[in-house]
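Only one structure is covered here, and it is reproduced in the block below.
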Amino acid sequence: MSPTALSAIIAELESTYDPAWAEPWDAVGLVCGDPAQPVRKILFAVDPVASVADEAVSWGADLVVTHHPLFLRGTTTVAADTAKGALVHRLIKNDIALHTAHTNADVADPGVSDALARAVGLTGALRPLQPSSGDPARGLGRVGDLAAPTTLGDFAARAARGLPRTAWGLRVAGDPSRKVRTVAVSGGAGDSLLGTAAAAGVDVFLTADLRHHPAGEFMESGGFAGGPALIDAAHWATEWPWLGQAARILTSGLAAKGINVETRVSATVTDAWTTTAQCED
């Protein structure tokens, strides 16, 4: 397998996940790495953290593509006595580049929520929950249908099987016997889309990072208007399915140009929560 310049790999990634689609507050693109350096092996992961760097070094990766940015809020130092600085030093010392596709991957077609929708069992056509202005095929979240109606409890169990295991699994708000067919999903934090999901007329909205007050108020008001049930999954788990999709799109696009690379989807669980505890009394 002959090496290809990092710049060519980045160009292919950005043809699918255009940086211009990212939110103004976001930080996407190449974080570290020489555009001229050769790339043979690419690791896809959700988070740019030490355990992912360990995997990249052990596997011999030349490039790590993550969904979450390393420096989302900016920085004044990459000193090796800081966690993020140490990560940058380790990657550079091992000739490993780091590239991020975040909100530009969220709104892509296909993007993060398309992969999530398929993982939890949605079939057929998908449409954005909140379409992007100027291109209704792109946007945040996805809405689709299950192959056949089921109950909320059964759908939650199916979704749990389709997503990677995390310490606390899925939280469900709603009657487990409720019938569901039309589902909205959004990878990552979905608080901002609660009202949009209600207006979409779906039976259940699956997302992550739902807070107590917005979720409680949503369920109370929905009880009067027949609004959707809620399923809250771990943030990392809702975005992990995108990694395989992104790796396939990249390798296919490069192969069409006569470029072959080896890709790997990280199975390292980088969810912040590692265990749960319940009172037995």
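The values are calculated or read from the model by the stated rules, or taken from the named source; none is laboratory data. Quick caveat, the model's predicted, so the values are computed rather than measured. Note that we place each Cβ from the backbone using ideal geometry, even for glycine, and neighbour counts take in every protein chain shown. Heavy atoms of the whole protein, side chains included, go into the accessibility calculation; ligands, DNA and RNA do not. Shrake-Rupley method; radii C 1.70, N 1.55, O 1.52, S 1.80 Å.
Annotations
- With the simple spin-label model, which puts each label point 7 Å out from Cα in the Cβ direction, the Asp154 to Ala277 separation comes to 3.8 nm.
- Separation of the Arg40 and Arg73 label points, Cα + 7 Å toward Cβ, nm: 4.0 nm
- Note on Asp109 and Lys179: their simple-model spin labels are 3.2 nm apart, each label 7 Å out from Cα toward Cβ.
- 24 Å Cα cut-off, lysine pairs counted over the chain (separation 8 or more, or different chains): 4
- Computed per residue of the chain from DSSP H runs no shorter than four, each worth -39500 (n - 2.57), the mean residue ellipticity at 222 nm is -9500 deg cm²/dmol.
- Applying the Karplus relation 6.51 cos²θ - 1.76 cosθ + 1.60 with θ = phi - 60° to region 37-49 yields 3J(HN,Hα) values of 5, x, 10, 10, 10, 10, 9, 9, 8, 6, 10, x, 10 Hz, where x marks Gly and Pro.
- Modelled FRET efficiency - R0 30 Å, Glu217 with Ser132, Cβ distances, 0.05 increments: 0.65
- Of all DSSP bridge pairs formed entirely within the chain, close to 50 percent run antiparallel.
- For Leu210, the solvent-accessible surface computed with a 1.4 Å probe is close to 20 Å², ligands and nucleic acids excluded.
- Per residue, the chain exposes an accessible area of 47 Å² to a 1.4 Å probe, with every protein chain left in place.
- DSSP beta bridges in region 93-252 [antiparallel fraction, %, rounded to 5]: 65 percent
- FRET efficiency, 1/(1 + (r/R0)^6) with R0 30 Å, evaluated for Ser15 and Arg171 via beta carbons: 0.20
- Selection of chymotrypsin sites (Phe, Trp or Tyr not before Pro), region 8-55, meeting DSSP coil and at most 10 other Cβ within 10 Å: Trp25
- Sulfur and carbon atoms: percent of accessible area, region 62-138 [1.4 Å]: 53 percent
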